[in-house]
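The values are calculated or read from the model by the stated rules, or taken from the named source; none is laboratory data. Only a predicted model underlies this, so the values are computations on that prediction, with no experimental measurement involved. Here the Cβ is made from the backbone with ideal geometry for all residues, glycine too, and neighbour counts use every protein chain on show. Surface areas here come from the heavy atoms of the whole protein model, side chains and all, with no ligands, DNA or RNA. Shrake-Rupley method; radii C 1.70, N 1.55, O 1.52, S 1.80 Å.
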Amino acid sequence: AAGFVDVLVVGGGGGGAGYQNEEAGGGGAGGYLDAGSVYFSAGSQTVVVGAGGTGGTMVGTAYSGNNGGASLVGSYVAPGGGHGGFYGQAGNGGSGGGGGYNAATGGSGTSTLGNDGGDGTTGAGGGGGGAGAAGTSASSSTPGVGGNGLSSSITGSAVTRAGGGGGSTTSGSGGAGG
């Protein structure tokens, strides 16, 4: 039957970069689309759950991660998160991935659905953007922190979703996730 529903669509998160214990950017959160009182006509709606992006590896030059997949409910689409960067620039997406080695720039998030990733430095990677906040940039050998997610009670209890991944460093602990 036709009617009004609340819709929450979250894209798949981006994969973080990876190369031994090097300065790699964290993956960006998938786009976060929260819409209340949406009208759906009678009939079925297409639902797709976007897969998370795979992380970077040490095979060949595949150090950067991969973007997450888009999710959708009917015509409501949340893009996947941007991948964390290593040598190359981080990926753009729902939220942008964190930049990596050699001061790589963080990826851009999609307006109203996510936030930007933080920049990397020579010694640490930036944090991936989250639905609620941008990832922080790395500072010297201190990695960036992933941006915070957003809380929703659409399932009946409050759950925080779509936080960004923390960056990594050549020594010490990685940055916290959002």
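Overview of values
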| item | result |
| --- | --- |
| Test: residue in region 43-58 that is under 21 Å from Thr169 (Cα atoms), open to solvent by less than 10 Å² (accessible area, probe 1.4 Å) and either modelled with pLDDT of 95 or more or under 19 Å from the mean Cα position of the chain (by Cα) (or both) | no |
| Residues located in region 144-161, provided they are more than 16 Å from Ala104 (Cα to Cα), assigned to a loop (DSSP other than H, G, I, E, B) and open to solvent by 20 Å² or more (accessible area, probe 1.4 Å) | Asn148, Ser153, Ile154, Thr155, Gly156, Ser157, Ala158 |
| Test: Ser75 is touching a strand residue (DSSP E or B) at 6+ places or on another chain (Cβ under 8 Å) and polar (S, T, N, Q) | no |
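Each row is one residue, and each column tells you yes or no for (1) open to solvent by less than 50 Å² (accessible area, probe 1.4 Å); (2) touching a helix residue (DSSP H, G or I) at 6+ places or on another chain (Cβ under 6 Å); (3) closer than 17 Å to Gly175 by Cβ; (4) among the acidic types (Asp, Glu).
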position: Gly74; (1), (2), (3), (4): yes, no, no, no
position: Phe86; (1), (2), (3), (4): yes, no, yes, no
position: Ser95; (1), (2), (3), (4): yes, no, yes, no
position: Ala103; (1), (2), (3), (4): no, no, yes, no
position: Ala124; (1), (2), (3), (4): yes, no, yes, no
position: Gly130; (1), (2), (3), (4): yes, no, yes, no
position: Thr142; (1), (2), (3), (4): no, no, yes, no
